[in-house]
1. Please verify whether Ala598 is in a loop (DSSP other than H, G, I, E, B), surrounded by 24 or more Cβ atoms within 10 Å (Cβ to Cβ) and either modelled with pLDDT under 95 or in contact with a His (Cβ under 9 Å, 6 or more places away or on another chain) (or both), treating the condition exactly as stated.
2. Is it true that Ala206 is touching a Leu at 6+ places or on another chain (Cβ under 8 Å), small (Gly, Ala, Ser) and in the same structural domain as Thr550 (by the TED database)?
3. State the number of residues belonging to region 369-402 that are assigned to a loop (DSSP other than H, G, I, E, B) and crowded, with 18+ Cβ neighbours inside 10 Å.
4. Quick test for you: out of Asp275, Asp286, Asp305, pick the one residue that is over 14 Å from Phe199 (Cα atoms), in the same structural domain as Gly203 (by the TED database) and either charged (D, E, K, R) or at pLDDT 95 or above (or both).
5. Tally the residues that are open to solvent by 30 Å² or more (accessible area, probe 1.4 Å) and at pLDDT 95 or above, restricting the search to region 422-441.
6. Among the residues of region 660-697, what is the count of those that are within 25 Å of Val515 (Cβ to Cβ) and of a type in the set (Lys, Arg)?
7. With of a type in the set (Lys, Arg) and assigned to a strand (DSSP E or B) as the only criterion, which of Lys210, Lys198, Lys218 stands out?
Amino acid sequence: METVTRIFIATLLILAFVAVSSTAQANKQTYIVHLDRTKIKTAYQSLDNSRPWYEAMLNSIADVSSQEEDESEAAPPQLLYAYETIMFGFAARLSSKQLELLSKIDGFQYASLDEELISLHTTHSPQFLGLEKGKGLWHASNLKSDVIIGVVDTGIWPEHPSFQDHGLSAIPSRWKGACMKGTKFSSSNCNRKLIGAKFFFKGYEAIGGKINETEDFKSARDSNGHGTHTASTAAGSFVENASLFGLANGSAAGLRYTSRIAVYKACWATCTTPDVLAAMEQAILDGVDVLSLSLGAAVQPYYRDLLALASFWAIANGIFVSFSAGNEGPSKSTVKNTAPWIMTVGASSVDRSFPTIVKLGNGQTFEGSSLSVGKGTEKLPLVYGKTAGGQGAQYCIAGSLNRKLVQGKMVVCQRGKNARAEKGEVVKMAGGAGMLLINTEREGEELLADSHVLPATSLGASAGNALKKYMNSTKSPTASIAFKGTTYGNRAPIAAALSSRGPNLVGLDVIKPDVTAPGVNILAAWPAITSPNELKSDKRRVLFNILTGTSMSCPHVSGIAALLKSRHKDWSPAAIKSALMTTAYVTDNKGSPILDVAFSSSATPFALGSGHVDPERASDPGLIYDISPKDYIYYLCSLKYNASQISLFVDNFTCPKHAIMQPGDLNYPSFAVNFKSSAAENVTYKRTVTNVGTPKSTYKVLVEEPKGVSVIVKPEILTFKMLGKKLSYKVTFIGLKRTKPVAASSFGSLVWVSGKYRVRSPIAASWM
């Protein structure tokens, strides 16, 4: 399949149609329309070469619809964006009649209603990842080449020291991007570090109305903080003495701190699909090397998943694409961004924490976590639920607390209903002197640190239960909080409870997430106008902020991918992904299996994927599992996609009449095995590895069989005589007969071993 970059992109215009009434506009909805490139261009460019195909096409239906629709629906179509790289089609506001007319045009494929909004999902983390200045991947020789990381997010605060360009060479001549003028943003805000900044708002304004410029900037400038944080995590410059209120003090740096950054602001009060797609298309055309997106939408089949579709065209152009897995854990099958060509990143902790000690009046003590600083509180009376207010008081939602009941007291608030920091604001406004934020069973023992507006701490579910039991046992319960600052050397990594989990609902034959990376309590850059908790009532301003989520883990992997791209310029996106997956580790810094904090048990591949990323090992993986864009197309054929669905991914391609592979044969670096019943059955998958380690080497296979599965590998030894040599093997998984109910899934691994190399693939066996 050709993977040429299309040099034409339609300018992002709203068509110059006549003025329309607000009623007519209100009757329209935003659709993303997919078209057959050849048929549409042939039909409309041959009719009128003086204007773009999409203008001619929409004008043709405007003329008809204006005659057939009543006055309330007579407004012409409103073009938002035209796409020619990530797909062929456009996003537009259309009436039902206009959509009907479009659907009758030869070359129309389908239209997606843009009814779902897309959700946004280190001083120490580089060291935790084993990166050391002057050595390995952080040696000067690996930081000279120019790698460009594109970040699709809420924008950037360009004046932040994390984006200074001291010591960087001239902008690469291959770069086609630019810095787009907007509110309080001009080309002078860019430099040799921040080399591109564009913004996309038409999709948002089509459904949300005009951007409120008292709260956001109609430009690439960031007022939210999310985009500034993720961009600096991936590629922020070195900044000494970075901290938040003195916590986590150290030298802040992005994972690939000499990379160039190109920012594509597509998220405002929320993100819309048309804007994100336009941002991704522009990034591809501008020439980024890595795309980082800490966001996601609901899972759909890949031909309906527009982010997956856009990502495919990115990897077909040699761009590594990293997405966050989502923050809907620990429930199963919540993982987002599951296409096999995407690197899907879960979140885990580092060995740094911000502990607190809560002491109850009966002498019991519990450890919590907080970004509050100072000595702490004195012993204060405790109130909770009915003793603190009316309906909703247990969650500390706005208006639920009674000032007479909480004045000067420690208020217990349960997670849920509203944001964690907002609960503290509610308590403070009601006169409370402190807050204990307790987890539900869903969050378990995960301790998140927040910048509260009053002395406060989080507590795990077990501590919360003990706290409530204590309060019910006495008429005058009390508690105090002591803040312990920053500590290091804690057990880590630990899989975060919030990190979305597999199994992968769309592609059952692919384990997702792919890997986990630091995503808990991550310190990175922050806008100068935004409070650390984003509350308007909080007048504090900070240079760096600490956040948690897969949004934070995703740019870690984006930065590491940029490091690997520097070291191995000829590696494909799939090769980089393979190296990260097969070298990931599954034991923590204490030598035990990585823990899943949600269940207080060993984390499985449905939480960790292949494991925790290890940048230095990934730079020399020994073997890689490579996948070409054409291989992915054959995989889609194996999923029984029809010709129309396949055409969204590739032009002029027909699936073979007889399948050349089964879905499980995709050359993926992990194994998802699905048995249909409890009766004995077996499946056989093929894999091909490429030698990128020692020219002459012999690998022997080691297998840890999942419970209830027998695994046979043929051959058991792979002998290579040169670099670049490819060898194949087959694995047969035999599901043993199950005579009684047991776990729905079990896990193991397949490891190719040669000297220092251990090329590991997890196995997840499931009974459907």
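The values are calculated or read from the model by the stated rules, or taken from the named source; none is laboratory data. Every value quoted in this text rests on a predicted model; they were computed, and no experiment measured them. With ideal geometry, Cβ positions are generated from the backbone for all residues, glycine too; neighbour counts draw on all protein chains shown. We work out accessible area using only protein heavy atoms, side chains counted, and drop any ligands, DNA or RNA first. Shrake-Rupley method; radii C 1.70, N 1.55, O 1.52, S 1.80 Å.
1. On the way: in a loop (DSSP other than H, G, I, E, B): yes; surrounded by 24 or more Cβ atoms within 10 Å (Cβ to Cβ): yes; either modelled with pLDDT under 95 or in contact with a His (Cβ under 9 Å, 6 or more places away or on another chain) (or both): yes.
Here the answer is yes, as Ala598 does meet what is asked.
2. Numbers: touching a Leu at 6+ places or on another chain (Cβ under 8 Å): yes; small (Gly, Ala, Ser): yes; in the same structural domain as Thr550 (by the TED database): yes.
For Ala206, the condition - touching a Leu at 6+ places or on another chain (Cβ under 8 Å), small (Gly, Ala, Ser) and in the same structural domain as Thr550 (by the TED database) - is met.
3. We begin by selecting, within region 369-402, every residue assigned to a loop (DSSP other than H, G, I, E, B); these are 370-375, 377-379, 388, 390-392, 396-400, 402.
Pick out the ones that are also crowded, with 18+ Cβ neighbours inside 10 Å and you get 370-372, 377, 388, 396-397, 400.
So the count comes out to 8.
4. Working: Asp275 fails: over 14 Å from Phe199 (Cα atoms); Asp286 fails: over 14 Å from Phe199 (Cα atoms).
Residue meeting the stated conditions: Asp305.
5. 5
6. Count: 2.
7. Working: Lys210 fails: assigned to a strand (DSSP E or B); Lys218 fails: assigned to a strand (DSSP E or B).
Checking each option against the conditions leaves just Lys198.
Here is a yes/no grid of residues against (1) open to solvent by 10 Å² or more (accessible area, probe 1.4 Å); (2) closer than 24 Å to Gly177 by Cα; (3) in the same structural domain as Ser500 (by the TED database):
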residue: Leu80; (1), (2), (3): no, yes, no
residue: Phe90; (1), (2), (3): no, yes, no
residue: Leu94; (1), (2), (3): no, no, no
residue: Leu101; (1), (2), (3): yes, no, no
residue: Ile105; (1), (2), (3): yes, no, no
residue: Leu131; (1), (2), (3): no, no, yes
residue: Gly134; (1), (2), (3): yes, no, yes
